[in-house]
1. Do the alpha carbons of any pairs in A:Lys280/B:Lys156; A:Lys280/A:Lys426; A:Lys317/B:Lys156 sit beyond 28 Å of each other, and which pairs?
2. Using alpha carbons only, how many angstrom separate the centre of the stretch A:3-60 from the centre of the stretch B:172-202?
3. Mind checking which aspartates and glutamates have their C-alpha under 15 Å from B:Lys157, skipping anything on the same chain fewer than 8 residues away?
4. Which percentage, to the nearest 5, of the DSSP beta bridges contained in the stretch A:5-272 is antiparallel?
5. Take peptide A:374-384, look around each residue's Cβ out to 10 angstrom, count Cβ atoms belonging to other protein chains, and average those counts.
6. Give me a single rounded figure for A:401-414: the average over its residues of other chain Cβ atoms within 10 Å of their Cβ.
7. Going down the table (A:Lys156/A:Lys201; A:Lys175/A:Lys288; A:Lys132/A:Lys302), which pairs top 29 Å between alpha carbons?
8. Below 14 angstrom from the Cβ of B:Ala108, what's the summed charge of the other residues (Lys, Arg +1; Asp, Glu -1)?
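Computed from the coordinates by the stated procedures, all read-outs in this text should not be read as laboratory data. What you are looking at is a predicted structure, and each value in this text was computed from that prediction instead of being measured. In this analysis, Cβ positions are derived from the backbone assuming ideal geometry, glycine residues included, and neighbour counts consider all displayed protein chains.
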Amino acid sequence: MISAVQDYEAIKTAVETAANEHGEPHWFVERRLAAIDAMQDLQLPEMQRYDFHRWPLMDNLELNFRRSDKSLADDLPDADGRIRFVQVGQTTVAVNLPDELADQGVILTDIFSAFREHPRLTEKYFMDKVTKYNENKLTAYQQAFLNSGVFLYVPKNVVIKQPIEAYLIQDSTVKQAMVSHVLIIAEEGSQFSFIQHLNTKGVVENAAHCMVEVLSRANSHVHFSSVDELGEHTYSVLHRRANLSRNARFDWAVGIVNAQNTLGDITSELVGEGAHSESKVIAVTTGKQSNGINNRVVNRGKHTTANISQRGVLLEKSELIFNGIGDIIHGASGANAEQENRVLMMSDQAHGDANPILLIDENDVIAGHAASVGQVDQNQLYYLMSRGIDKELAQRLVIRGFLGPVLEEIPLPEVRQEMIDVIERKLEDGQHFN
Amino acid sequence: MATLEVKDLHVEIKEEKEQTREILKGVNLTMNTGEIHAIMGPNGTGKSTLSQTIMGNSAYHVTQGDILLNGESILDMPVDERARKGLFLAMQYPAEIQGVTNAEFLRAAINARRPEDDQISVMDFLKELDKNLALLDMSEEMTERYLNEGFSGGEKKRNEILQLLMIKPSFALLDEIDSGLDIDALQVVSKGVNSMRGDNFGSLIITHYQRLLNYIVPDVVHVMMDGRIVKSGDADLAKKLENEGYAGLRDELGLDVSLVDDNR
């Protein structure tokens, strides 16, 4: 924490020096310094029915740039034919973007190159249009200490069939917070899907601040999915924000399968008339870990549709809180907001909750919610076991069925399988301790 | 040869308000592989309870008697262990499980009864699967769908028989496998069961109607009323029942049993 004025001036000087040595444009260095100033007065955000304020999230107040060992990415699946960006720590390992997409103006590059080479796109949109840096202490930290990330720009009416993947691998072989940013600009009428993979290599205790900002312009159609698999020594804050213009369609399919405490914030702002967002999240918690997940949709424009679906599975002594927040702003007539939050308790020592929170300031809307905290369906379990399948496997199969609605959303079969495998491993670990 | 014995079986279920009700009141039954037995009887007489109790559904509590598979009591065994020992129950209402494909489930079920170091190869599995799909007139697409999810009543029944053919148990309990089937589907399902007939397979078929038994001709027919087997005989017994109804048999035996549908 920043306690004394001298400390804070010293931090600013150190950050400025590091950023300049890193060759960052002047505008961005200025923003870092403004964010450090803002951190002084800003508070951590409050989350309903959840307290994360004592987690070690902002111990690291240094900006360091170092080269990571590229071989930490050696175990990734083959790239052949896939469009992808791979980064280990702050080191970009690979950018596979087909020439024909580059020729159409698609940009896929690391975030700092984007600041230098595409200032017109990044200066205007980085932590300004979708998320304000001074929203709270965490967002200010994000801007002040940003040290990695990726930028994707898809021009007007460009349609990309193959999903674009970003592997962002935290390098925890050293003490260094991961402060990573994914900035996506989907221009009018563009269509594509994006898959984020978050992993950790190494066992040093570090924080991970991963932010995603998506600007979905009019009539664009974007699908975002993620496989979050951060390590057991990583406390993480995952901000994912989208801003939708007129008739834009933007969907989240987020799988949070981290091994340590995670604060999840998924927000869709439906600004333009007729925008539509489906926000689906699954989470699996084991051991003593605690996940608090806010899934928020804001209907601002008329005739906007924003649905939330969240499903979680708890094992051992873990905690998982799902807040589904449906915020309908005055004037958003004809808005539609449905939500469903369900958690499955696999252990009587776990603590789970599913809270629908509807904030409606408009009369002409359709809004509804369903929430449940329950056990595995005994009929399903009995059926599988009556075929000779043992109880643990039967439970995992039933759980997979429970998580199915999100798994199905992942556009690449390989990645869907990867997510299933990650979940199965985690469930197996959790079952062994029960 | 394998043997399944039910000895003086008494079973009760819990009803609302912690009340218990005895459903089976002393059932005795012995069957060997190589035999097909049918159990007929009016509604509410305990036929499904018998099959669910043999399989090990925890909703049914055995208060007296025993169930033996090859001389060994299975009462303390969980459901999955009973299944691995050779029992199979084709259910009246199969569960739907999203996210798990039919094919994946079938492989898991087959592998569950094989040692870890001898799991079925993909080639062998597909060969067996194709053969059985053809026999049951099912499309390959059915195996890539999620387990029973969105299946019609008839598709679910066929899928139960597909599992039977793939898993190859010693004893199959078929609980009203004919309900809701049209004649064509009934023939297909019967063909599947008949293809299993042989020295290493026995089946206990539960049905209301004689019709199924025209297609799967039983060696022994049992009639159940009020939680007991009241009469056993050969296939002709089923035909006689079809003609005279359960009330006729009840009166012939002088039983004091009220039939659920008596007042129609």
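1. A:Lys280/B:Lys156; A:Lys317/B:Lys156
2. 71 Å
3. Here the aspartates and glutamates satisfying the reach criterion relative to B:Lys157 are B:Glu96, B:Asp137, B:Glu149, B:Asp175, B:Glu176, B:Asp178, B:Asp182, B:Asp184.
4. Working: 10 of 78 bridges.
Roughly 15 percent of the DSSP beta bridges within the stretch A:5-272 come out antiparallel.
5. Mean shielding by partner chains, rounded to a whole number: 5.
6. Other-chain Cβ atoms within 10 Å of each residue's Cβ, averaged: 2.
7. On the way: A:Lys156/A:Lys201 37 Å; A:Lys175/A:Lys288 23 Å; A:Lys132/A:Lys302 24 Å.
Beyond 29 Å: A:Lys156/A:Lys201.
8. Numbers: positive: A:Arg387, A:Lys391, A:Arg396, A:Arg400, B:Arg84, B:Arg107, B:Arg113, B:Arg114; negative: A:Asp390, A:Glu392, A:Glu424, B:Asp80, B:Glu104, B:Glu116.
Within the 14 Å Cβ shell, the charges total +2.
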